[in-house]
Amino acid sequence: MTDEDDGLIVLRIALYFGPACFIMLSALWFKLLRDGLISTGVFVALLVVNLPITVAGVRLIAHSVSRTSVVLAKTLLAAGDIPPPRSYPEQDLLIARGRYAEAAEYFRDLVRVDPDDCDPRLRLADLLERHLADPAGAEQQYLEVRRRSADPRRQFAVTNALIDLYRRTERRDRLKVELARLADRYRGTAHGDAAARELKELKADGA
């Protein structure tokens, strides 16, 4: 989570929790004064400390929310426990030489041998989209990965890849579907909130 995200969290909590906390504390001190449980001097002193108590409450809640969001994001993305991407030396050499079609055929061979192996599918989809001008083929491979793998890391990667693909090809109908999926599944995280904002903007534009 970025500093900007943290700042927005603190601001929201301060707006919604701060005034309510201050008012409730003041009401409590007034009740104690009215019931004769505290003196006027103590009442005034408690009113003075309302502000630091409220600020401390805002900070405590913000810290808890931020920590929860980070834990959720790490759980979803398996942060700190992501194995290095599989290496494909021959294909990577072909790509480095600009022989994209040949590299794509190698990845297709791997997919034919093991249709459930999603790593070469993702590499093939990337080649089709970025270098071979085949967005439909790339979309097909991304959707196959989604269908064949329940790994939350791959699901997240595929959703983001499809969002980028639909942005580039200006397929706003499918873009809205994927943004809604991301916003719903990762609600409360920076990624989910960003998707929800973009989806709202698209709908406002009549897209």
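Just so you know, all these numbers are worked out from the coordinates, no wet-lab data involved. Because the structure is a prediction, the values reported are computed rather than measured. Cβ placement follows ideal geometry from the backbone for every residue including glycine, while neighbour counts extend to all protein chains displayed.
Counted by Cβ distance under 14 Å from LEU199, the other residues give a net charge of +3, where Lys and Arg count +1 and Asp and Glu count -1.
Give me the net charge of LEU165's neighbourhood, meaning all other residues with Cβ under 12 Å from the Cβ of LEU165; Lys, Arg count +1, Asp, Glu -1. Net charge in that neighbourhood comes out at -2. Estimated translational diffusion coefficient (Stokes-Einstein, Kirkwood radius over Cα pairs, 10 °C, 1.306 mPa s) of the stretch 89-204: 106 µm² per second. Test of understanding: what is the full-extension gain from GLU102 to VAL48, defined as 0.36 nm times their sequence separation minus their Cα-Cα distance? Here the segment from GLU102 to VAL48 would lengthen by 12.0 nm. Multiplying the residue separation of ASP109 and ALA180 by 0.36 nm and removing their Cα-Cα distance gives an extension gain of 22.2 nm.
Computing FRET efficiency as 1/(1 + (r/R0)^6) for ASP193 and SER26, where r is the C-beta to C-beta distance and R0 is 41 Å, gives about 0.80.
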